[in-house]
Amino acid sequence: GDPIALVGNSGYPGCSTGKHLHFEVRKGNSWVDPSPYLSSKSVQDEQNGGTSNIGSGGWSWPIQDTIRLTQHYGHTPYSWRYTYSGGVHTGLDMVSTTSDVIKAPAAGTLYKSSQNCAGSTINIVYIDHGSDLFTFYLHVQ
């Protein structure tokens, strides 16, 4: 629950189209769907329209309600762009309508990094939760 970063748009224009949080979970150095780790929540589902109930785990969501989910994990209408992952969107893209604060969903050790993407720089924070489980937070301020 500790604050770890602020939602941003780092990576714009080559690798981000607007302010949002890209939330990833990696297990054994592989991308996995974050939904089974997050608690059940009703979100505004911009990818599919309407509202959707997402999550089945025990972790808190990294941003506050109300959450707009702009892109799901997996094969999405836009995932063909992601050649680095074989056409899979590797996380959940989300925006809070009330706060830019990102909070840790579970205990672990926090790290910061950045990477070049299409001529822009993406700011990243990530948490090592132990047992080869990591969460990544991309496009942060």
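Things to note:
- Alpha carbon convex hull of segment 1-133, volume per residue in cubic angstrom: 104 Å³
- Part-to-part distance (alpha-carbon centres) for segment 66-139 and segment 16-60, which is given in Å: 9 Å
- Rounded to the nearest 20 debye, dipole of the chain from Cβ charges on Lys, Arg, Asp, Glu: 140 debye
- D_trans [Stokes-Einstein, Kirkwood Rh over alpha-carbon pairs] for segment 55-141, 4 °C, 1.567 mPa s, µm² s⁻¹: 90 µm²/s
- The chain - percent of accessible surface contributed by carbon and sulfur, probe 1.4 Å: 48 percent
- Ranking 66, 120, 131 by Cα position along the charge dipole of segment 29-141, where only Lys, Arg, Asp and Glu carry charges on their C-beta atoms, puts 120 farthest toward the positive end.
The values are calculated or read from the model by the stated rules, or taken from the named source; none is laboratory data. None of these values were measured; they are calculated from a predicted model. Ideal geometry is used to build each Cβ from the backbone, glycine not excepted, and the neighbour counts take in all protein chains shown. Accessible surface areas use protein heavy atoms only, side chains included; no ligands, DNA or RNA. Shrake-Rupley method; radii C 1.70, N 1.55, O 1.52, S 1.80 Å.
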